[in-house]
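Below you will find the structure I want to go over with you.
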Amino acid sequence: MHEPTATSRGPGAGSPPLFGLVLAGGRSTRMQRDKAALEYGGRSQLERAVELLTPLLERVFVSVRPDQTVDPLRARFAQIVDSGEVEGPIAGIIAAQSRHPEAAWLVLACDLPLLGEETLGHLLRSRRPERQVTAYRSSHDGLPEPLCAIYEPSSREAIRAYVAGGRDCPRKFLINADTELLAQPEPGALENVNTPNEYDSALDQVRRTGTPAARRIEVHYYALLREQAGRSSESLVTAAATPRDLYLELKARYPFSLAPQMLRVAVNSEFGDWDQPLGDGDSVVFIPPVAGG
């Protein structure tokens, strides 16, 4: 069900190692309770974030403030402690880069209850080690999302210079950095939770739809779709529940020009319905009006 751990080493053998950093050092002022401990389906946000990263990366750490090191929830995990030279998410990034300057870091906020494996897998597959950062565009305003992003070792000095200039907003850093920006494969996956009302809304959504269930799907492309995808097939981990969801997810990744109603879909070698359920291990074929090529 998980992306192969080889993706954590980047596209080439010379890429730096990739570690995970779950940011859990916030003061949760607007939530009025510890956001890391908020539960969905019996698991805290922090536990779920660490569990998402652990199969994908070589090592995973939790970012904490000095006064949080003995907190029972955080003490269960390997920690990197903020130095105190600056506050906020960028403090965790600086501390991680100081602790392991040789590594790249997949930095993840702990308060992303709708995040699924496909978004993380796509980020890993799209990593550009030659850039300073690989990040997603916000689905709201198109600006970089700094708290589900990969920071390469080359970003370390640039971040320190940015903070030395009296700035601490990681999003503004990414706007001016050498950043590879990606479209989100799961719109809404990076919605975070900051207030009690947002928590109630996220709880309701998780109860109605469940945490995105990852499944591995084999996808085959023909004719125009093969040209536009640049490949004839691929195996991917996705939270898409139906062929329609899967096609729209892929359409956000590749420059597909055909709407679903212009195609036929086959699941496990049989023509199927766009809204039929997909299962783990299914094989899906999207068939353009004129096959061939």
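The values are calculated or read from the model by the stated rules, or taken from the named source; none is laboratory data. Quick caveat: nothing in here was measured; it's all calculated off a predicted structure. A quick note on method: Cβ atoms are made from the backbone with ideal geometry, for glycine too, and the neighbour counts reach across all protein chains shown.
Could you please let me know if A161 is surrounded by fewer than 18 Cβ atoms within 10 Å (Cβ to Cβ), of a type in the set (A, V, I, L, M) and at pLDDT 95 or above?
Spelling it out, A161 is indeed surrounded by fewer than 18 Cβ atoms within 10 Å (Cβ to Cβ), of a type in the set (A, V, I, L, M) and at pLDDT 95 or above.
Suppose the filter is surrounded by fewer than 22 Cβ atoms within 10 Å (Cβ to Cβ), more than 27 Å from P55 (Cα to Cα) and out of contact with any helix residue (DSSP H, G or I) (no Cβ under 6 Å at 6 or more places or on another chain); does G188 pass it? It would help to see each step written out before you state the result.
Working: surrounded by fewer than 22 Cβ atoms within 10 Å (Cβ to Cβ): yes; more than 27 Å from P55 (Cα to Cα): no; out of contact with any helix residue (DSSP H, G or I) (no Cβ under 6 Å at 6 or more places or on another chain): yes.
Spelling it out, it is not the case that G188 is surrounded by fewer than 22 Cβ atoms within 10 Å (Cβ to Cβ), more than 27 Å from P55 (Cα to Cα) and out of contact with any helix residue (DSSP H, G or I) (no Cβ under 6 Å at 6 or more places or on another chain).
Being farther than 22 Å from D111 by Cβ and modelled with pLDDT of 90 or more is true for just one of V237, V265. Which residue is that? Walk me through how you get there before you give the answer.
Working: V237 fails: modelled with pLDDT of 90 or more.
Being farther than 22 Å from D111 by Cβ and modelled with pLDDT of 90 or more holds for just one of V237, V265, which is V265.
Outside the structural domain of L46 (by TED's automatic domain parsing), of a type in the set (K, R) and without any contact (Cβ under 8 Å) to a residue 12 or more places away in the chain: is that true of R231 in this structure?
Details: outside the structural domain of L46 (by TED's automatic domain parsing): yes; of a type in the set (K, R): yes; without any contact (Cβ under 8 Å) to a residue 12 or more places away in the chain: yes.
So R231 passes the test.
Let me ask you something else. Can you name the strands (runs of 3 or more DSSP E) wholly within the range 52-156 that have at least 1 residues being surrounded by 15 or more Cβ atoms within 10 Å (Cβ to Cβ), in contact (Cβ under 8 Å) with a residue 24 or more places away in the chain and under 17 Å from the mean Cα position of the chain (by Cα)?
Fully inside the range 52-156 and qualifying: 60-64, 104-109, 133-137, 144-151.
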